[in-house]
1. Among the residues of region 150-184, how many are among the acidic types (Asp, Glu) and closer than 17 Å to Lys122 by Cβ?
2. List pairs: first residue in region 2-13 and within 10 Å of Thr48 (Cβ to Cβ) and hydroxyl-bearing (Ser, Thr, Tyr), second residue modelled with pLDDT of 95 or more and part of a strand (DSSP E or B) anywhere in the structure, Cβ distance under 9 angstrom, at least six positions apart or on different chains.
3. Tell me which residues, restricted to region 237-275, are over 22 Å from the mean Cα position of the chain (by Cα) and part of a loop (DSSP other than H, G, I, E, B).
4. Tell me which residues, restricted to region 7-48, are outside any helix (DSSP H, G or I) and in contact with a Ser or Thr (Cβ under 6 Å, 6 or more places away or on another chain).
5. Could you grab me the full set of residues in region 151-171 that are of a type outside the set (Gly, Ala, Ser) and over 15 Å from Arg204 (Cβ atoms)?
6. Just to check your reading of the model, which residue among Leu124, Leu111, Leu118 is over 30 Å from Arg320 (Cβ atoms), out of contact with any Ser or Thr (no Cβ under 9 Å at 6 or more places or on another chain), of a type outside the set (Ser, Thr, Tyr) and not in a loop (DSSP other than H, G, I, E, B)?
7. Working carefully through the options Leu482, Leu445, find the one that is surrounded by 15 or more Cβ atoms within 10 Å (Cβ to Cβ), of a type in the set (A, V, I, L, M, F, W, C) and in a helix (DSSP H, G or I).
8. Within region 107-137, can you find the residues that are within 29 Å of the chain's Cα centre (by Cα) and modelled with pLDDT of 85 or more?
Amino acid sequence: MKKYYITTPLYYVNYKPHIGHAYTTLAADVLARHLKAKGESVFFQTGTDEHGGNIEKAAQANNVSPKKWADDISQEFKQMWKTLGIEYDYFIRTTDENHKIQVQAIFEKMLAQGDIYLGNYKGLYCSSCENFLDKSELIEGKCPVHKKEPEEINEESYFFKLSKYEKPLLKYYSDNPGFLAPEYRANEIIRFVEGGLNDISVSRTKVSWGIPVKSNPNHTIYVWIDALTNYITGPGFELGKESEKFKDIWPADMHLMGKEIYRFHAVIWPAMLMSLGLPLPKKVYAHGWWTVEGEKMSKSRGNIIDPRELVAEYGLDPFRYFIFREVPFGQDGDFSKEAFKRRYNGELANDLGNLFSRTVNMINKYLDSSMPEKPENSVLFSKLVETKKDIEKDMDSVQFSSALDRIWKNISLLNREVDTRKPWEMAKTDKEALKKFLHEMVWCLRLISSWISPFMPSTAAKMQMHLSVSGRPEENKKIEPLFPRKQ
């Protein structure tokens with residue numbers, strides 16, 4: 001059976017990883033964990049984009065070779081993913097030898113069939129995002145992403161016949177309405193393609209740090225053509241060969257990326273695949289940007305959020321929870337330490353942590369720590385089970401904040417039940433009713449723990465240990481708070 005294939009973009013190694021990189025990669029990890037819990041086979045790929053003029057400049061500024069620079073920053077990304085509990089299946093680098101060989105072969109194939117041709121590029125180029133720009137894309141004469149004036153370039157270049165794929169792309173968008181996601185971003189792409197596609201420059205003669213064109217080594221392959229190809233080279237694509245591994249993984253089921261690179265994935269990448277005669281991905285999904293206290297993250301402002309600092313202060317699971325609880329996935333969001341602390345103390349420490357501690361302590365006190373069988377005819381448990389389908393639907397469609405909202409409504413319901421039914425009073429008047437109620441609560445919390453597991457795997461495991469999901473009661477009955485309150 002084909003594996004569910006999830007990708008992040010390849011992260012550019014011109015700077016160390018930050019919360020923006022973590023957001024996309026954690027989203028992929030949450031989705032992968034959710035699918036695996038349902039019994040699906042998953043292939044989750046991430047990696048680093050290591051070629052281009054900006055890498056050369058960064059390496060020169062630090063007095064190291066581009067390869068040494070790329071090695072060091074790529075390792076920082078790997079270390080970050082380890083810190084954040086991200087369980088990827090494959091980490092690809094564009095400096096990997098097998099990737100470089102396939103990129104060159106693909107370029108030559110497109111050249112031979114006429115989809116790539118030699119010409120001269122004269123126009124605008126933003127070196128910060130390594131992107132060729134049309135005047136119509138500028139805002140007040142500047143790159144819309146980096147707010148810098150692009151430079152004028154005039155040089156020999158190879159071009160990809162993007163214009164040839166204008167109608168095939170529009171037909172594909174029409175025939176596959178779920179391809180462009182979220183839905184509100186689809187119209188922007190469709191309007192762009194309907195406005196007419198121009199052929200794009202796909203090589204540079206003034207950038208030496210890159211993959212050379214095999215038949216003309218004076219040219220290096222445009223960094224974006226190099227990077228996008230990772231989605232097929234990682235799973236084992238080899239031009240002209242049948243690979244069982246590749247057939248078991250491709251096409252991608254979910255390409256995740258930030259909205260600033262959506263057009264590359266929604267227009268250029270599918271056109272390249274059409275040129276190669278390969279199936280297109282099932283979905284390209286662009287999420288929004290994170291600002292910090294209302295301002296865009298930037299090195300110059302010194303406001304780049306390093307997730308490792310937040311993990312050190314609050315713990316890993318609260319960080320994973322917050323970034324998907326705070327903002328609907330897909331939309332822009334603002335990071336605030338005050339909002340983080342508020343959700344931590346309110347939703348994690350109070351709502352979930354206190355509910356869990358109270359329930360387990362009552363089991364220990366009133367039922368001699370024995371964990372129950374599944375309750376029969378439980379209205380409370382049935383209410384929670386009724387929401388399972390909607391939670392799974394939200395998770396399948398990466399609507400993570402909606403899924404968490406549904407889960408927390410169930411947590412609130414359980415807290416109300418405890419406050420209303422007062423089990424500590426039942427202990428004095430009706431021990432049989434108390435037993436039935438606590439049995440219900442344990443099973444409800446087991447369900448909650450399974451739902452939060454993709455977001456907070458360690459917390460879920462701790463809950464399941466104390467709730468004896470394995471069938472073995474936890475020996476140490478004294479439980480520490482799941483989330484100690486922060487002052």
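1. Of region 150-184, the ones among the acidic types (Asp, Glu) are 151-152, 155-156, 166, 175, 183.
Restricting the remaining residues to those that are closer than 17 Å to Lys122 by Cβ gives 151-152, 155-156.
Residues that pass the stated criteria total 4.
2. Tyr11/Thr46; Tyr11/Gly47; Tyr11/Thr48; Tyr11/Asp49; Tyr12/Thr48; Tyr12/Asp49
3. Phe237, Glu238, Leu239, Gly240, Lys241, Glu242, Ser243
4. Let us first name the residues in region 7-48 that are outside any helix (DSSP H, G or I), namely 7-18, 38-48.
The answer is Thr8, Leu10, Tyr11, Val13, Gln45, Thr46, Thr48.
5. Kept after step one, since they are of a type outside the set (Gly, Ala, Ser), are these residues of region 151-171: 151-156, 158-162, 164-171.
If the condition is that a residue be of a type outside the set (Gly, Ala, Ser) and over 15 Å from Arg204 (Cβ atoms), then Lys161, Leu162, Lys164, Tyr165, Glu166, Lys167, Pro168, Leu169, Leu170, Lys171 are the ones that fit.
6. Details: Leu111 fails: out of contact with any Ser or Thr (no Cβ under 9 Å at 6 or more places or on another chain); Leu118 fails: out of contact with any Ser or Thr (no Cβ under 9 Å at 6 or more places or on another chain).
Answer to the selection: Leu124.
7. Working: Leu482 fails: in a helix (DSSP H, G or I).
Being surrounded by 15 or more Cβ atoms within 10 Å (Cβ to Cβ), of a type in the set (A, V, I, L, M, F, W, C) and in a helix (DSSP H, G or I) holds for just one of Leu482, Leu445, which is Leu445.
8. Within region 107-137, the subset within 29 Å of the chain's Cα centre (by Cα) is 107, 125-133, 137.
The one that is within 29 Å of the chain's Cα centre (by Cα) and modelled with pLDDT of 85 or more: Phe107.
The values are calculated or read from the model by the stated rules, or taken from the named source; none is laboratory data. None of the values given here were measured: they were computed from a predicted structure. Cβ coordinates were reconstructed from backbone atoms using ideal geometry, including for glycine residues, and neighbour counts include every protein chain displayed.
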